[in-house]
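Here's the structure, in structure tokens; my notes come after.
The values are calculated or read from the model by the stated rules, or taken from the named source; none is laboratory data. Computed from a prediction, not measured in an experiment: that's the story for all the values here. Heads up, the Cβs are rebuilt from the backbone with ideal geometry, glycines too, and the neighbour counts pull from every protein chain shown. Ligands, DNA and RNA are stripped out before the accessible areas are found, and what is left, the full protein with its side chains, is counted by its heavy atoms. Shrake-Rupley method; radii C 1.70, N 1.55, O 1.52, S 1.80 Å.
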Amino acid sequence: FRSVRCIVTGEAWVASSPNLDRQQNSVWFSLRTGGRFYNAALTAAWKDHGEEAFAFEVLEEVSDENALLIPVLLKERALHWRKELCAEAVIG
């Protein structure tokens, strides 16, 4: 799981990703070019405060021996992190 946090406002957005190493580049690129697939509040905060006001944080890596459980675990952990950080989803 990763979060994108606005350092100025304290707002946070959370999402899971299969490739955390490449995810920040993808999110930053999209936001730099308009962020049309991302949460409207995230895109607006990016426009208002600029890239330097944002931090990308890896929150947790989820794994399980039973690959069929991964989607369930991801859903549960997404709810946990959104509640824990008072965050919204990155996409939406």
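Calculated accessible area for the stretch 32-92 comes out at 71 Å² per residue, all protein chains present (probe 1.4 Å; ligands, DNA, RNA ignored). At a 1.4 Å probe, what is the % contribution of carbon and sulfur to the accessible area of the chain? So the carbon and sulfur contribution to the accessible surface is 53 percent.
In plain terms, the chain from ASN66 to LEU79 could stretch by 2.6 nm, reckoned as 0.36 nm per residue minus the Cα-Cα distance. Taking every DSSP beta bridge that has both ends in the chain, the antiparallel portion is near 85%.
The alpha-carbon positions of the chain define a convex hull whose volume is 89 Å³ per residue. I'd like the FRET efficiency for VAL58 and ARG32, computed as 1/(1 + (r/R0)^6) with the beta carbon distance as r and R0 of 22 Å, rounded to 0.05. My answer for the efficiency is 0.60.
Each peptide in 52-61, 11-20, 82-91, 65-74 was scored by the mean count of other Cβ atoms within 10 Å over its residues; highest first, the order is 11-20, 82-91, 52-61, 65-74. What value, in deg cm²/dmol to 500, does the helix sum -39500 (n - 2.57) over DSSP H runs of n ≥ 4 give at 222 nm once divided by the residues of the chain? Using -39500 (n - 2.57) per qualifying helix, the result is -13500 deg cm²/dmol.
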